[in-house]
1. Based on the Cβ-Cβ distance from Ile71 to Ser27, what FRET efficiency comes out when R0 is 41 Å, to the nearest 0.05?
2. Mind checking the dipole of the stretch 87-245: about its Cα centre, +1 per Lys or Arg Cβ, -1 per Asp or Glu Cβ, Debye to the nearest 20?
3. In a shell of Cβ-Cβ distance under 13 Å around Leu154, excluding Leu154 itself, what net charge do Lys and Arg (+1) and Asp and Glu (-1) give?
4. Mind ordering 132-140, 78-86 by average Cβ neighbours within 10 Å, highest first?
5. Dipole of the stretch 51-150, Cα-centred, from +1 at each Lys and Arg C-beta and -1 at each Asp and Glu C-beta, to the nearest 20 debye?
6. Cα convex hull of the stretch 153-256: mean projected area in nm², to one decimal?
7. Which shape class applies to the stretch 51-150: rounded if a/c is under 1.5, otherwise prolate when a/b exceeds b/c and oblate if not, where a ≥ b ≥ c are the square roots of the Cα gyration tensor eigenvalues?
8. Using just the Cα positions, wrap the stretch 128-198 in a convex hull and report its mean projected area in square nanometres, one decimal place.
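Any read-out appearing in this document is the output of simple, stated calculations on the displayed coordinates, not a laboratory observation. Only a predicted model underlies this, so the values are computations on that prediction, with no experimental measurement involved. We place every Cβ from the backbone using ideal geometry, glycine too, and count neighbours over all the protein chains shown.
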Amino acid sequence: MTFFLYLLIILIWGCLVFAATSFYSYSKNADAVKANLDNLIPPWKVMRRRTSKRALLHKWMDELAPTGKKIEILSDPVEMEEALVKAGYPYQLTVQRLHGAKLLGLLSGILLAVLINVLGLPFAALSFVFFPILGFMAPFQIVRFMAKKRQEKLRLELPDFLDMMSITLQAGMAMDDAMGYYAEATRGPLGEELTRMLQEIKFGVQRETAYRSLIKRTTSPELEALMMSLIQAHNLGTPIAQTFAQQAEEMRRMRSEKAKEQAGKATPKISLVSGLIIAPSIMLLMLSAIIYNVMSKNVFNFF
């Protein structure tokens, strides 16, 4: 019995020693991770300054978020999350803050409607209907608009990115270093997405997983084709510089075809505008000239 008691005491002390050493190792690793974040993501200080300027607005959004989350009319959380990802999470917005922002917009619309009624402007009664609805829908629609513009800008940056990658890779630079150089040399959504992808790879995420995560954060079919080519080249070990050169040539050809397609679609729109606006305007001018001549002759004969 005494033997088992001593054995239990030894086991307890062993567990305590193991817990102490594990906690010490955890503290060291936590400091190392924090140092890596400070080195790899230098704009944190700038982000803190920007956040402080919007702290009051964010506070209101956070307070209204629980109530706004219960009202999911025209605001699906999945669509909101997808729009925020595509927009690059502008202004430190989250899905929770978007729920608060739509209630904040609703209250702002009501206040604006009250102000319009106090001033006695025309159609003041209708403002109580339209302005709250517009304020409720405005935050999500603005995020969707920003996502669309960001993805379009990302698509336009691709040919220059491919040319630079082809040149730097042929010069002997490693692919990750070439991508990092492009992200540092340019300011745009493509550089931001590449920076995030490279950070994921440095933190231990598999390369193929990081590539597929980048595809999910974008809507560009050209970028998706490029990432799939890089995945295939990584798995098969084919030369990557040649892949970038071919993708750049193919992307410029696709852009030219898309411009021709848009020009072809513009012709019916111009014809529609001419038929509905320009032609009736010319007819009204001619009719006005005829009426003016008739009336001027009648007035002249009267006198």
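1. 0.40
2. Result for the stretch 87-245 is approximately 700 debye, rounded to the nearest 20.
3. +2
4. Ranking, from highest mean packing down: 132-140, 78-86.
5. 360
6. Here the figure is 6.0 nm², rounded to one decimal.
7. Note, shape of the stretch 51-150 comes out prolate.
8. The Cα convex hull of the stretch 128-198, projected and averaged over all directions, gives 5.5 nm².
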